[in-house]
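Encoded as structure tokens, here's the structure I'll be asking about.
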Amino acid sequence: MNSATQRSAMPPAAPAITAGQQLSLSQAVISAVVGLALWFAGTQLVLWGGRLGWLDQSSLWITYVLTIPSGWVTVWLVKAAAGLRPAQVLAAVAVGSAAATLTDGLALSWARSLYGPTPELVLPGAALILWGAGWVFVAAYLELWRSAK
């Protein structure tokens, strides 16, 4: 295989982060803190919602639907708290979600009681938090797309 063939078989390089998308250290820290605060709020919502029956199989779909707007609320919160430009929102959400996801993984292993008293409540509660985090990424991407128009 010659070097030209090897180069053509390589995947294209990822685009560089532009200066307009980069976060300052304070914006990254604020994004991580907001992500952690919202994750903790999510655990408490799951804990209390589980006790109120919001995680029962018969009504779980309602809880999932009601979680969708949380993505846009989160984007608004992190944007306001960190003073972000639209091009920075996706990076900030990635930082905040990374902090929350890493903490979530630890908590699910060693602090399950944050989510509920039984596995029947912990599992759907943890899944609901993942679902909500996914909507945060959707909202952040749509914010970036909207601002690029």
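How many residues, within the stretch 40-71, are touching a residue at least 40 places away in the same chain (Cβ under 8 Å) and either touching an Asp or Glu at 6+ places or on another chain (Cβ under 6 Å) or at positive phi (or both)?
Residues that pass the stated criteria total 0.
Restricting to the stretch 20-52, name every residue that is assigned to a loop (DSSP other than H, G, I, E, B), among the hydrophobic types (A, V, I, L, M, F, W, C) and out of contact with any Ser or Thr (no Cβ under 9 Å at 6 or more places or on another chain).
Within the stretch 20-52, Leu52 is the sole residue that qualifies.
Residues are listed down the side, and each one gets a yes or a no for (1) over 14 Å from Ala140 (Cα atoms); (2) of a type outside the set (Ser, Thr, Tyr); (3) touching a strand residue (DSSP E or B) at 6+ places or on another chain (Cβ under 6 Å); (4) at pLDDT below 95:
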{"residue": "Arg51", "(1), (2), (3), (4)": "yes, yes, no, yes"}
{"residue": "Gln57", "(1), (2), (3), (4)": "yes, yes, no, yes"}
{"residue": "Trp61", "(1), (2), (3), (4)": "yes, yes, no, yes"}
{"residue": "Thr67", "(1), (2), (3), (4)": "yes, no, no, yes"}
{"residue": "Ser70", "(1), (2), (3), (4)": "no, no, no, yes"}
{"residue": "Trp76", "(1), (2), (3), (4)": "no, yes, no, no"}
{"residue": "Arg85", "(1), (2), (3), (4)": "no, yes, no, yes"}
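Looking at the stretch 60-82, is at least one residue exposed (fewer than 12 other Cβ atoms within 10 Å of the Cβ) and not hydrophobic (A, V, I, L, M, F, W, C)?
No, the stretch 60-82 has no match at all.
The values are calculated or read from the model by the stated rules, or taken from the named source; none is laboratory data. These numbers come from a predicted model, not from an experiment. Neighbour counts run over all protein chains shown; Cβ positions are idealised from the backbone, glycine included.
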